[in-house]
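Right, one structure below, let's go through it.
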Amino acid sequence: MSKMYEQFARDYEKAIVDNIYNGNLERPSLIAMLPELAGKNVLDLGCGPGVYAEYLLNQGASVTAVDVSQEMIKIVIEKLGDKVQAYPQDLSRGLPEEKDASYDIIICPLTVHYIEDVSLLFGDVKRLLKQGGVFIFSTHHPVVDLEVSPSGNYFQKELVTEEWDTVGHLVEVSFYRRSLTEWFESLASVGLCVTQLSEGKPTERMKSLCAESYKRLSTTPHFIFFKCEVR
């Protein structure tokens, strides 16, 4: 886990409220794919500082929030208290504490690329979804990640290490890049079927924040969004 999500968790919490990539591209794009939330039981995986959890609660959902970072879970509990169930869990080890068929909606924003083998997590997602439930997650766009591939082989899963300035200074972050084929195969192998695919859309507000970023992200993909149902 990058120290950005533990050591700099509170800086990250402030940074993502209204920044380019989280606040004005990823979050509105994923929210646009969500079904009706009122009365639904929702699992927020990789919940970070609870921005999604707070939104889900405000829409009338019951929310369980999970993250590998103890500091992020602490922030969520401080912010939302007993309105949300929140606990730390390494998602690469699945979700052993959760019961079968207990969620209407499961989201996982910008988290799966930190997991080398997603098969256990995806298998548990299928197990936890109620009949007719949906799983929505976002990740780096495979074509964009190819630009930073150590091997130059699009079809090879590999670890990439970069320095990001999300929190106002450079922090080293490592993640796994995969082909689009591998994402679809990983889902299909556990019985999850992709029913909607999105490549995201920047908000109009991004124009005023950074016209250059707005132009680039309106014409070039950055993230990719999958909506899945049990096959």
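The values are calculated or read from the model by the stated rules, or taken from the named source; none is laboratory data. What you see is a predicted model; the values in this text were computed from it and never measured. Counting neighbours? That spans all protein chains shown, and the Cβs are built from the backbone with ideal geometry, glycine included.
Using beta carbons and a limit of 7 Å, which pairs, at least six apart or on different chains, have the first residue in the stretch 80-100 and more than 17 Å from residue 68 (Cα to Cα) and the second one modelled with pLDDT of 95 or more?
80/50; 80/53; 80/54; 80/57; 83/57; 100/127; 100/128
If a residue must be crowded, with 20+ Cβ neighbours inside 10 Å and over 16 Å from the mean Cα position of the chain (by Cα), how many such residues does the stretch 100-123 contain?
Looking only at that region, the number is 2.
For the stretch 186-206, give me each residue that is of a type outside the set (Ser, Thr, Tyr) and in contact with a Ser or Thr (Cβ under 9 Å, 6 or more places away or on another chain).
Passing the criteria: 190, 192, 199, 200, 201, 202, 206.
Search the stretch 59-74 for residues being without any contact (Cβ under 8 Å) to a residue 60 or more places away in the chain and among the hydroxyl-bearing types (Ser, Thr, Tyr), and hand back the single one that is nearest to residue 93 (Cα to Cα).
Ranking the candidates gives 64 first.
Using beta carbons and a limit of 9 Å, which pairs, at least six apart or on different chains, have the first residue in the stretch 170-181 and within 11 Å of residue 116 (Cβ to Cβ) and the second one small (Gly, Ala, Ser)?
Within 9 Å, the pairs are 174/2; 175/2; 178/186.
Checking the structure you have, find out if any residue of the stretch 176-192 is under 19 Å from residue 28 (Cα atoms) and either modelled with pLDDT of 95 or more or in contact with a helix residue (DSSP H, G or I) (Cβ under 6 Å, 6 or more places away or on another chain) (or both).
no
Taking strands (runs of 3 or more DSSP E) that do not extend beyond the stretch 148-231, which have at least 1 residues that are touching a strand residue (DSSP E or B) at 6+ places or on another chain (Cβ under 6 Å) and under 30 Å from residue 10 (Cβ atoms)?
The qualifying strands (runs of 3 or more DSSP E) are 158-164, 171-177, 223-230.
Can you confirm whether the stretch 203-216 contains a residue that is under 16 Å from residue 134 (Cα atoms) and either surrounded by fewer than 18 Cβ atoms within 10 Å (Cβ to Cβ) or touching a His at 6+ places or on another chain (Cβ under 8 Å) (or both)?
Taking every residue of the stretch 203-216 in turn, none turns out to be under 16 Å from residue 134 (Cα atoms) and either surrounded by fewer than 18 Cβ atoms within 10 Å (Cβ to Cβ) or touching a His at 6+ places or on another chain (Cβ under 8 Å) (or both).
Starting from residues that are small (Gly, Ala, Ser) and touching a residue at least 60 places away in the same chain (Cβ under 8 Å), keep the ones in the stretch 188-202 and report whichever is surrounded by the fewest Cβ atoms within 10 Å (Cβ to Cβ).
189
Identify, from the list 176, 154, the residue that is under 22 Å from residue 48 (Cα atoms), surrounded by 15 or more Cβ atoms within 10 Å (Cβ to Cβ) and not small (Gly, Ala, Ser).
Testing whether each residue is under 22 Å from residue 48 (Cα atoms), surrounded by 15 or more Cβ atoms within 10 Å (Cβ to Cβ) and not small (Gly, Ala, Ser) leaves just 176.
Among the numbered conditions (1) buried (at least 18 other Cβ atoms within 10 Å of the Cβ); (2) under 30 Å from residue 101 (Cβ atoms), tell me where residue 142 comes up short.
Every listed condition holds for residue 142 apart from (2).
Considering 114, 154, which residue is aromatic (Phe, Trp, Tyr) and touching a Gly at 6+ places or on another chain (Cβ under 9 Å)?
Selected residue: 114, the only one of 114, 154 that is aromatic (Phe, Trp, Tyr) and touching a Gly at 6+ places or on another chain (Cβ under 9 Å).
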